[in-house]
Amino acid sequence: MDFRKKLLVTPGKPFRLKDIDPSFDGGIRSAQEAAKHLDGYRQKLTDMQRLFYGDRNHALLIVLQGIDGAGKDGTCWHVISAMDPQGVKVQGFKQPTPEEKDHDFLWRVHPHAPGKGEVAVFNRSHYEDVLVERVHKMVPKSVWKARYDFINDWEKLLVEDNNTTILKFFLYISKEEQLARFEQRLDDPARQWKISSSDYEERNFWEDYISAFEDALTRCSKKHAPWYVIPANHKWFRNLAVSQIIADTMEDMKLKLPKPSVDLAEIRRLYHSAAKAEGEKARESKNKRGKASKKD
């Protein structure tokens, strides 16, 4: 199944999350079955990202959004980790600092946009400013409503001025699944560090967040910067779908390694000359050791 087609938020059409089943599994019935496919896509990601880094004609921005517990960190761990860390950077966006609040809302985001040959992953992103600030009425409606156009213009700038490919993923879980994951955090000492008292406070705003996400997905899924809604009740399906979409998108870039910037014939001459000299030194050293051994 081509998840780029199946999970795309169609640009220009109203979108409602009630039409999506967060437990959708694409016909893959188990984590074991999914793992076979995931291994293949992870290897493809590894290969594509090496070409991407060498090609240096493209930039790639991956945006991860989702309600608390949806698996943004897990996606980084299971999918993004397949790439060489030399060419990937992950940036999280938490509550703005006082300095950031003194600037426009995109000021803190733009420095983290990827350069040519780079993959940048936003764990939360510039969309927080039409989600959290809207839900909690931190700014007037006139302010957050205008930000959709600013976001679209900024993303278009990245695409047209720096050949950036933008992939945006909304990791969608049910309210019941979120509570189950909160229970896992509570019972598992390895996950307790993730617990926040605000997790339960934010659940009171569930429907408000759903409405805010729906508007962001509808207003900001563009042909040049599409949104994908990833059913994420099954973590293994989430990882599989995201890895397939990224890997197939990179493959479509027709990446190529650059041609050597040096005269290979000259480099071969220098190599053979150096190898010959090293060989002669090694033989002389061996002969000296042999003579010394005979004397002993």
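The values are calculated or read from the model by the stated rules, or taken from the named source; none is laboratory data. Not measured: the values here are computed from a predicted model. Glycine also receives a Cβ, built like all others from the backbone with ideal geometry; neighbour counts cover every protein chain displayed. To get the accessible areas, we keep the full protein, side chains included, count just its heavy atoms, and leave off ligands, DNA and RNA. Shrake-Rupley method; radii C 1.70, N 1.55, O 1.52, S 1.80 Å.
Side notes on the structure shown:
- Looking across GLY69, GLY74, one residue alone is within 15 Å of ASN123 (Cβ to Cβ), in contact (Cβ under 8 Å) with a residue 24 or more places away in the chain and within 15 Å of the chain's Cα centre (by Cα). It is GLY74.
- Residues (in a loop (DSSP other than H, G, I, E, B) and surrounded by fewer than 18 Cβ atoms within 10 Å (Cβ to Cβ)) located in the range 177-224: ASP188, PRO189, ALA190, ARG191, ILE195, SER196, SER197, ASN204, PHE205, LYS223, HIS224
- Listed by first and then second residue, the pairs linking a residue in the range 1-20 that is within 23 Å of ASP252 (Cβ to Cβ) to a residue that is of a type outside the set (Val, Ile, Thr) and assigned to a loop (DSSP other than H, G, I, E, B), with Cβ atoms under 6 Å apart and 6 or more places separating them unless they lie on different chains, are MET1/GLY26; LEU8/PRO226; VAL9/PHE15; VAL9/SER221; PRO11/SER221; PRO11/LYS223.
- Every residue from the range 98-111 that is surrounded by fewer than 16 Cβ atoms within 10 Å (Cβ to Cβ) and touching a Lys or Arg at 6+ places or on another chain (Cβ under 8 Å): GLU100
- The residues on offer are SER125, SER174, SER142, and the sole one that is in contact with a Ser or Thr (Cβ under 8 Å, 6 or more places away or on another chain) and hydroxyl-bearing (Ser, Thr, Tyr) is SER174.
- Consider the range 251-272 and keep the residues that are basic (Lys, Arg) and assigned to a loop (DSSP other than H, G, I, E, B). The one that is nearest to GLY54 (Cα to Cα) is LYS256.
- Within the range 139-159, the set of residues being charged (D, E, K, R), open to solvent by 50 Å² or more (accessible area, probe 1.4 Å) and without any contact (Cβ under 8 Å) to a residue 60 or more places away in the chain comprises LYS141, LYS145, ASP149, ASP153.
- The range 160-173: number of residues that are open to solvent by less than 10 Å² (accessible area, probe 1.4 Å) and within 28 Å of GLU202 (Cα to Cα): 6
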